[in-house]
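In what follows, a structure is listed as structure tokens, so that the remarks can point back to it.
Read-outs throughout are calculated quantities, based only on the coordinates presented, and are distinct from any laboratory measurement. None of the values given here were measured: they were computed from a predicted structure. Here the Cβ positions follow ideal geometry from the backbone for every residue, glycine too, while neighbour counts run over all protein chains shown.
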Amino acid sequence: MPLRPIYGHDPIRSRLGRAILSHTLPQTLLLVGRRGVGKQRLALWIAQALLCERRGDQGAPCGTCSACAKVTTLAHPDLHWFVPVEVTKKGADADKQVDLVEEALWEEMAARRAELWQAPAGMASHSIASVRLLARSLQLTPAMGRYKVFIVGDAERLTPQKGNPEAANALLKALEEPPQDAFILLTSSDPDSLLPTILSRMVRVSVSRLPDSVMTEFAQLELETKDARRVESLVRSADGSIGRMVELANGGSTVADGNAVSLETLLKRGGSPVERYARALAQTPFQARGGFTGLLDGLLVQLRARARRGGDTQAVVAAIAQVLETRELAQGNVNPQLLTALLGDELESGRGGS
């Protein structure tokens, strides 16, 4: 089954297409933007344009050639898509670990061919074995065309802990002098968590939220949502993020969003410090790379929606600033349980959650 078509991001695609056509596209790109806005789908579009056999006069992929078809079914031998995975088996040596990661990636790609994908599991990551597999694949000669394209999605998962940067350092070596026939595309909703040495070697491309018109089209065509009120509700709640819309359509809230709802509800009721600290202790200690960042993003969506509805906007704006500050602090080596407790105290004292 082919991937769903790309939605939106027309200005970025136009610029990137012209760069591809004029052979001026940088070999290393970092696509940054909020979670679920379509960064990896845009990266796949770039890969399709690079590998296309008959690209158009604006550099866009034709969509009909053999190479385009293989990209959209994730079967092109020169497309290497790395996503965070959680390997449950243990390898006896480095080579075995690489084989296990390759197996996990094949399974993940099979799932993504069949359905709209969602955010990776909280403990999934790009391990040192994943980067070794990437480095090994970089040395291969392109099988079909002139180039090979590497996509590293959710690149912030390269460093689950600041004190354990082996995977990021290994990727750095690959970025220093990539082969002339290779393009490396990283995507991240949290670029500040990447090593500065990685950031310095990437050309950053900002991927903005999608307009409501594009979100509406996606809900109607891809989610087959016909009820106008349901579509309106999804568009409003998703706030320009297709990934968030898919999560909402598939069962309401994500785990992280559910935590955000519970946290805001607790603050709205004026919970006691004991209740707030109990909520804090329930947070996963996986730094800010998974559930905790999702919690903060979910809370920001709700606060911004409240700001649009009016009322005590000063308190809501102050609450948004507090959440953003907490998100920045979370990129350091700070326990999310402590940050949640502090955020709860700050919001309660300012009544930003009410």
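Worth a mention:
- Relative compactness, region 1-101, computed as alpha-carbon Rg over 2.2 N^0.38 Å: 1.26
- Ranked by the mean number of other Cβ atoms within 10 Å per residue, highest first, peptides 74-83, 170-179, 134-143 order as 74-83, 170-179, 134-143.
- Each label was represented as a point 7 Å from its Cα along the Cα-to-Cβ direction; for Ala75 and Thr197 these points are 4.1 nm apart.
- Descending by average beta-carbon neighbour count within 10 Å, the peptides 1-13, 47-59 line up as 47-59, 1-13, the highest first.
- Local electrostatic count at Ser127 - Lys and Arg +1, Asp and Glu -1, tallied over other residues with Cβ under 10 Å: 0
- Anisotropy class of region 10-206 from Cα gyration tensor, a/c 1.5 cut: prolate
- Cα gyration tensor shape of region 211-252, rounded if a/c is under 1.5, else prolate or oblate by comparing a/b with b/c: rounded
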